Amino acid sequence: MFIAVRFLTRKKLLSLKEAQLTMDLKSIKAIEGEEGKKKGDKNKEKVLGVGFFQLFRFATCTDIVMMVVGGLCALVHGAASPLMLLVYGMMTNIFVAYELEVQELADPNKTCINNTVTWTNGSVVELEGNTVYCGVDIEAQMTMFAYYYIGIGLGVLILSYFQIALWVSAAARQTQRIRKTYFRKIMCMEIGWFDCTSVGELNTKISDDINKINNAIADQVTIFIERISTFIFGFMVGFVGGWKLTLVIIAVSPLIGLAAGLMAMVFFGVLIGAMNLGQASPCLEAFASGRAAAKSIFDTIDRIPKIDCFSEEGHKLEKVKGDIEFHSIEFNYPSRPDVKILDNLNLEVKAGETTAFVGPSGSGKSTAVQLIQRFYDPSQGMVTLDGHDIRSLNIQWLRSLIGIVEQEPVLFATSISENIRYGRPGVTMEEIIQASKEANAYNFIMDLPQKFDTLVGEGGGQMSGGQKQRIAIARALVRNPKILLLDMATSALDNESEAVVQEALDKARVGRTTITIAHRLSTIRNADVIVGFEHGCAVERGSHSELLERKGVYFTLVTLQNQGSESSNNKTNNSIELCSVIKTSYMFDRKSLRMRSQSQISNSFTEAISGERIFDSDSFKLDTTEENKVIFFSGSNLTESAPVARILKYNQPEWPYMVLGSLGAAVNGSVNPIYALLFSQILGTFALRDLEEQRDQINGVCILFVIVGCMSFFSQFLQGYAFAKSGERLTRRLRKVGFQAMLQQEVGWFDDPTNSPGALTTRLATDASMVQGATGSQIGMIVNSLTNIGASFIIAYTFSWKLSLVVTGFLPLIGLSGVFQAKMLTGFANEDKKALEAAGQVSSEAMANIRTVAGLAKEKQFVDLYEQQLEAPYRAAKKKANIYAICFAFAQCVIFMAYAASFRYGGYLVNYEGLHYVVVFRVIAAIVTSGTALGKASSFTPDYAKAKIAAAQFFKLLDRVPRININQKDGKRWDHFKGRVEFKNCTFTYPSRPSIQVLRGLEVAVSPGQTLAFVGSSGCGKSTSVQLLERFYDPDQGQVLIDGHPSHDVNVPFLRSQIGIVSQEPVLFDCTIAENIQYGDNSRLISMDEIVEASKKAYLHEFVMSLPDKYETQVGAQGSQLSRGQKQRIAIARAIIRNPKILLLDEATSALDTESEKTVQAALDEARRGRTCIVIAHRLSTIQTADIIAVMSQGVVIEKGTHEELMAKKAAYYKLVTTGAPIS
């Protein structure tokens, strides 16, 4: 009885704690900007929830039978405690009767004959006219009651096992169906739905929300039924007992003592009933949470997709010619319905011809391609294939005809061969090899240790950009498509590779309808038809020569590109780009450093002469050097726990709260032992013959009960409030110092995969919150439990040490039962999450790359793969149901066994040693109370251990001394910052790849106001040089001098405030355009006029003013609502507003179309005046005006000078410009 009360109270606390963790995690996730403002309506929906019984809509007949049987078991189980009260009541009556008999027979003139008290002279003793009975065999009676307890205990063992096993198993089966149905429905949604739905939100729903549904339909239901059953039967026992008690008092008032058992039944019946009703509330919380979660899940399941990719409907043409026509197409993206993308587009693409789409960014070129793939349907007009509206064709069949290679190709986290095999089902290895040869990928693949079995990593992260592009081209070629869509397909390749791949694509185009989108006009001049796009419609159409004569959109683009290239060399193409080594590409060099650190392929270097790639075998192994251990967390260290004293030190400012909380906990701990003492005292009064004295004693005890109750109310409030306050303050403090510590680390620290943004966010969310489990609440629990156990043992051993020893023997079992229940109810949630990780990776990858999945028509394959990955967690869930049920059953029945043994031995002591029955009740109640306290304390032990480990991870972060100090106070500052930069014999290796030397003695200088351009192949150290200047890293040897000062002596914030950077892939924050520009200078308040001025200089203003919300337009997570060119211009405006002395341009115009590039280049040229500028670019037209061009190879500068000087030398730079050959 006490176990139930205590365990359920603990369960509620744990539920609240879990809820707090969830809230904390969500608040941290909000920082990452994954949710967006689109969730407002969804949150309103969530509040509504679905009907409770709708949660079971996926139950089969078998599930329903399991739940009905389990529910009946729970119903009967709920009656066990009230049934025990009947036994308890009868037992109390027997004890009182025996005590009265002992009192009567204490008179030497009285004896017991034939169960009647008689005088020694033989006459019957009468009290107020009634015969006094005797002959109570206390031991036999107690033995009988012990059997009752054992019988009830065994019944509870069986019933509680089945109630849990059946409900948890049924819930696992239903949850499995929900997961499968939900993911299948997601995968058949149209792309427009994904545009309006955050992938992060979907991942949360597929894990957390479905887990909430599972919690609502699993053990919580059966526990709720059990508690409501206990409530009903408890009140029934109370009322029935009360009614009988009235009759007893009226009929046999002289034998009032016999009503003690009935009084106990009434009291405990109503008490247990009321408590169980209250303890059903956590279950109601779980139901409400499940219903709210189910709302969005079921809404998605019930939604009918506008374009159902799983639909078997639609025609499949017997013969496909390949004529594509756009008839008066109008289109808006669902995520931006007020911005018209295509406006009355009329266009014909003839079968077997190559049609090129050209035009500025945002003119609708890629949108038109997506309509062909039927990612979207036009709002007006239609797209036809061979005269058939594509909406009337089978969608899977349609997409199987199309091969696509995009500018930013997506690879899946499997091997190279499997990625190519995604192109077409049943493709042979010979066909894969042939396709890779055609795509110029074969050589670099065969250089890899695992060849075609090499894993490409998540999102292809282990491959360079050019390697990914060639694998994607091979995937498209192996598809043998009727229609080929090339969306800047060779943009990531160096010149030589591009020529070979372009030749392969030219071969692949033969006999196919091909649509090409390109910014490099040199790649499309041989197209059969070139279509010029502007403002969402096709404004011109013709061949290269025809469109040049028309002098329209195409003529303008060509003229702009030619202006830069003709002045450098007449032999070069319209758009000459710097080369990369054949087997590398510039895209990888531009990737974020996180990609660099994770990439194994990048652990290679280029041989100077042959250009072959040579691999260091060690680069494919995990580095376990001592140096790395210093930089990164090692797995073994994570298990060490932090000293509690240090955790308390961080909690020191809250010591008054902790003292008050401990005081309240101490008072709380003494409440239950005092309660046991007082209640046993009441039972003792029923053995008094003097009714007046009995009434006075009962009144006195009742007053004490009221005092204890009031004391408990205030102490509970004091303990709860004080420790919650100190705990939340500690969490806030740790999050603050933790986040500060993270921001103070050098960039090299973030290269470690264990310090990825997701891992660090989780650390802030969960670890910081878990640490409080080692301070306030844990201290409160320890003080409470120690007081409880101490007071209980003092009471018990003072009155009867023998009985206390017997009851103490059950103490570990009673305590363990509490631990088991807490472990089962809270521990499995974490295990479920781990088991679902593999399935989560499949779902995340599929949803994040939905366009590629849809383009390849591989939705069903991902659904099948996801369902396969769900099998292991499902089997684990079924196994868990049985383990949980066994532990739950043991925890429920152990108290009955403890009562059986304790009261049986108590009867023996009463009979043979004259122990007063009140002492039996007092000792058993006191020690059982201490058992619940022990269980409560030990149930928090896992949280305590986790808290110490979480604290250790946190302290490791706080204690780490960054290799580059970004403190505002340390380092030199000076007033007249000029901007002279010198690299003196710099050598450097990345911390994550210590065996690969990137810089091998870099020597170059740039004077204030000059422009330095770095030229060279991928991996030669261009970007690395820039990062040394920014002090993202420090050189291993040599120096970087800024105005003559060594960079490691300069104040880092001061240095970075003088530098503006525009990179190839700009990072925007999930806020408005204006706020993104304001981020350029956080040292002051930027006015709107300054923002507009900077936007005009970056040629951004007109575009912004065309948007409905203008500068208040939300850019989306990572700028997802904008095109690359638009993002780039915002980044340039952000750099301009900073007014830096040093400007770094890292492929700053690479993402822009020709027209935008020319205007932005003019703005950048203007911005460069009076500033030191360092440029990294592949387009020669952007760097030929530089004061110094430094040609790099393998980490050193091999030649430098102006464009004219280097061309006159006719060395590496000349070779690069004229032939595009690799720099050796």
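Here are a few things to note about the model shown:
- Restricting the stretch 221-239 to residues that are of a type in the set (S, T, Y) and buried (at least 24 other Cβ atoms within 10 Å of the Cβ), the residue that is nearest to L836 (Cα to Cα) is T222.
- The listed residue being at pLDDT 80 or above and under 21 Å from G200 (Cβ atoms), out of A829, A854, A838: A854
- Check on K37, part of a helix (DSSP H, G or I), among the charged types (D, E, K, R) and at pLDDT below 85: no
- Sub-6 Å Cβ pairs linking a first residue in the stretch 221-237 that is over 14 Å from V76 (Cβ atoms) and of a type outside the set (S, T, N, Q) to a second residue that is open to solvent by 50 Å² or more (accessible area, probe 1.4 Å) and modelled with pLDDT under 85, at least 6 apart or interchain, are F231/L277, ordered by first then second residue.
- Of the strands (runs of 3 or more DSSP E) that lie entirely inside the stretch 332-446, those containing 1 or more residues that are open to solvent by 30 Å² or more (accessible area, probe 1.4 Å) span 340-349, 380-385, 402-405.
- Considering (1) without any contact (Cβ under 8 Å) to a residue 40 or more places away in the chain; (2) in a helix (DSSP H, G or I); (3) open to solvent by 30 Å² or more (accessible area, probe 1.4 Å), the lone condition that E101 does not fulfil carries the number (3).
- When we screen V168, V132, V125 for residues that are of a type outside the set (G, A, S), over 30 Å from L86 (Cβ atoms) and in contact with a strand residue (DSSP E or B) (Cβ under 7 Å, 6 or more places away or on another chain), the only hit is V125.
- Looking only at the stretch 1189-1200, and only at residues there that are within 27 Å of A1167 (Cα to Cα) and open to solvent by 30 Å² or more (accessible area, probe 1.4 Å), the one that is farthest from the chain's Cα centre (by Cα): K1200
- Candidates F713, F723 - the one that is touching a Ser or Thr at 6+ places or on another chain (Cβ under 6 Å) and closer than 27 Å to N788 by Cβ: F723
- The single condition among (1) under 39 Å from the mean Cα position of the chain (by Cα); (2) among the hydrophobic types (A, V, I, L, M, F, W, C); (3) not in a helix (DSSP H, G or I) that I886 does not satisfy is (3).
- Restricting the first member to the stretch 715-737 and to residues that are touching a residue at least 24 places away in the same chain (Cβ under 8 Å), and the second to residues that are among the hydroxyl-bearing types (S, T, Y) and open to solvent by 50 Å² or more (accessible area, probe 1.4 Å), the beta-carbon pairs closer than 7 Å and six or more apart or on different chains are A722/Y657; K725/Y657; S726/Y657; L730/Y650; R733/Y650; L734/Y650.
- Test for A898: is it small (G, A, S), open to solvent by less than 20 Å² (accessible area, probe 1.4 Å) and over 39 Å from the mean Cα position of the chain (by Cα): yes
- Subset of the stretch 145-187 [among the basic types (K, R) and open to solvent by less than 10 Å² (accessible area, probe 1.4 Å)]: none
- Flag: I1136 matches the condition of being out of contact with any strand residue (DSSP E or B) (no Cβ under 7 Å at 6 or more places or on another chain), in contact (Cβ under 8 Å) with a residue 12 or more places away in the chain, part of a helix (DSSP H, G or I) and not aromatic (F, W, Y).
- Where a residue in the stretch 954-965 is in contact (Cβ under 8 Å) with a residue 40 or more places away in the chain and assigned to a loop (DSSP other than H, G, I, E, B) and its partner, wherever it lies, is open to solvent by less than 40 Å² (accessible area, probe 1.4 Å) and among the basic types (K, R), with Cβ under 7 Å and at least six apart: I964/R1031
- Residue count, the stretch 199-220 (criterion: under 17 Å from the mean Cα position of the chain (by Cα), of a type in the set (G, A, S) and either open to solvent by 20 Å² or more (accessible area, probe 1.4 Å) or within 20 Å of F53 (Cα to Cα) (or both)): 1
- Subset of the stretch 55-79 [out of contact with any Ser or Thr (no Cβ under 8 Å at 6 or more places or on another chain) and either closer than 21 Å to A898 by Cα or open to solvent by 70 Å² or more (accessible area, probe 1.4 Å) (or both)]: R57, C61, T62, I64, V65, V68, L72
- Among the residues listed as G1060, G1116, the single one being out of contact with any Cys (no Cβ under 9 Å at 6 or more places or on another chain), touching a residue at least 60 places away in the same chain (Cβ under 8 Å), at positive phi and small (G, A, S): G1116
- Test set (1) over 36 Å from the mean Cα position of the chain (by Cα); (2) touching a residue at least 12 places away in the same chain (Cβ under 8 Å); (3) over 28 Å from V339 (Cα atoms) - A1098 fails condition number: (3)
- Residues located in the stretch 698-720, provided they are open to solvent by 80 Å² or more (accessible area, probe 1.4 Å) and touching a Gly at 6+ places or on another chain (Cβ under 9 Å): F714, Q716, F717
- Evaluation of L760 against (1) open to solvent by 40 Å² or more (accessible area, probe 1.4 Å); (2) within 25 Å of I964 (Cα to Cα); (3) without any contact (Cβ under 8 Å) to a residue 40 or more places away in the chain (one fails), failing number: (1)
Quick grid of which residues meet (1) modelled with pLDDT under 85; (2) open to solvent by 30 Å² or more (accessible area, probe 1.4 Å); (3) outside any loop (DSSP other than H, G, I, E, B):
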{"position": "I301", "(1), (2), (3)": "no, no, yes"}
{"position": "K306", "(1), (2), (3)": "no, yes, no"}
{"position": "E312", "(1), (2), (3)": "yes, yes, no"}
{"position": "E330", "(1), (2), (3)": "no, yes, yes"}
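- Tabulated pairs, the stretch 190-211, first in contact (Cβ under 8 Å) with a residue 24 or more places away in the chain and of a type in the set (A, V, I, L, M), second part of a helix (DSSP H, G or I) and open to solvent by 20 Å² or more (accessible area, probe 1.4 Å), C-beta under 9 angstrom, 6+ apart or interchain: I191/Q370; I191/R851; V199/S844; V199/A848; L202/S844; I206/G840; I206/S844
- Restricting attention to the stretch 107-123, the residues that are assigned to a loop (DSSP other than H, G, I, E, B) and farther than 15 Å from V136 by Cβ add up to 7.
- Residue in the stretch 134-144 that is under 26 Å from the mean Cα position of the chain (by Cα) and either surrounded by fewer than 22 Cβ atoms within 10 Å (Cβ to Cβ) or under 24 Å from A59 (Cβ atoms) (or both) present: no
The values are calculated or read from the model by the stated rules, or taken from the named source; none is laboratory data. Since we're looking at a predicted model, the values are computed, not measured. Glycine gets a Cβ as well: all are built from the backbone with ideal geometry, and neighbour counts include every protein chain shown. What goes into the accessible areas is simple: the full protein's heavy atoms, side chains included, and nothing from ligands, DNA or RNA. Shrake-Rupley method; radii C 1.70, N 1.55, O 1.52, S 1.80 Å.
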